[in-house]
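Structure record follows, encoded as structure tokens.
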Amino acid sequence: MTMKKELLIALLLLVPAIVFATPSTSAAQQPKMDIKLFVGGSATTFVSLLETGRERETFAGWQVGFGPRVRRRKAFIEVLFSFNRWAFAFTDPDVGAFRGRVNSFELPFNMGYIPYKNPFFKLFLYAGYVNHFNTKILIEVADGSTLKFRPKDVDFAIYQAIARFGVNVDLAMFNLDFNYSISLNSATKTSYRTSYHQLQFNVAYLF
């Protein structure tokens, strides 16, 4: 990652910190914090940019997580830790069919705008920077056994920098979230670039 990108990310993180740290003269404008506990499903698409063209594969997955959301006036920030798992399947001409799972965790930093709110309904628009870490690859072979690999053993990137854009709503004590993510670096360590795209839908309970 270049120095310009690192500087841009640092500035993006600094701006909301200044907004939320500015003293307020009204009690109604004091920051309000919610804790989100969420679970959801995902569809992850890998696009391999090969010499012969683009190859796309989409896999289903799920995620569960929690974290704080801080609101002030019409702005908010949130940091939501999550454990993620998605399944994949492929066929090797020498070995045969494989099925497997990828375990990972994410630490996104989201910030956004609240265009509308009332005591029972709130609308949130946001963008975020996601730190994504692949931790383990589990492959099920034909005899029923499971092989465990580290990401680098199968050319997966351990760390992925991801941009995320989303919209969510509060309905009383529940939150519904829909977001789209795109990788800023390759999802694999191969000689060709592999783009990462993901759609998530999460349901959260607010504390």
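The values are calculated or read from the model by the stated rules, or taken from the named source; none is laboratory data. Everything quoted here is computed from the prediction, not taken from an experiment. Cβ atoms come from the backbone with ideal geometry, glycine included; neighbour counts cover every protein chain shown. Just the protein is used for accessible areas: all its heavy atoms, side chains included, with ligands, DNA and RNA removed. Shrake-Rupley method; radii C 1.70, N 1.55, O 1.52, S 1.80 Å.
Probe radius 1.4 Å, ligands and nucleic acids ignored: give me the carbon and sulfur share of the accessible area of region 122-200 as a rounded percent.
65
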For region 65-207, how many pairs of lysine residues have a Cα-Cα distance under 12 Å, where the two are 8 or more positions apart or belong to different chains?
5
Which FRET efficiency, nearest 0.05, do THR52 and TYR113 yield, Cβ-Cβ r, R0 45 Å?
0.55
Other-chain or far-sequence residues with amide H under 5 Å of ARG193's (modelled H)
LEU49
Over all pairs of different Cα atoms in region 163-207, the reciprocal of the mean inverse distance gives a Kirkwood radius in Å of 12.3
Would you work out the relative contact order for region 115-207, in percent, from Cα pairs under 8 angstrom that are 6 or more residues apart?
25
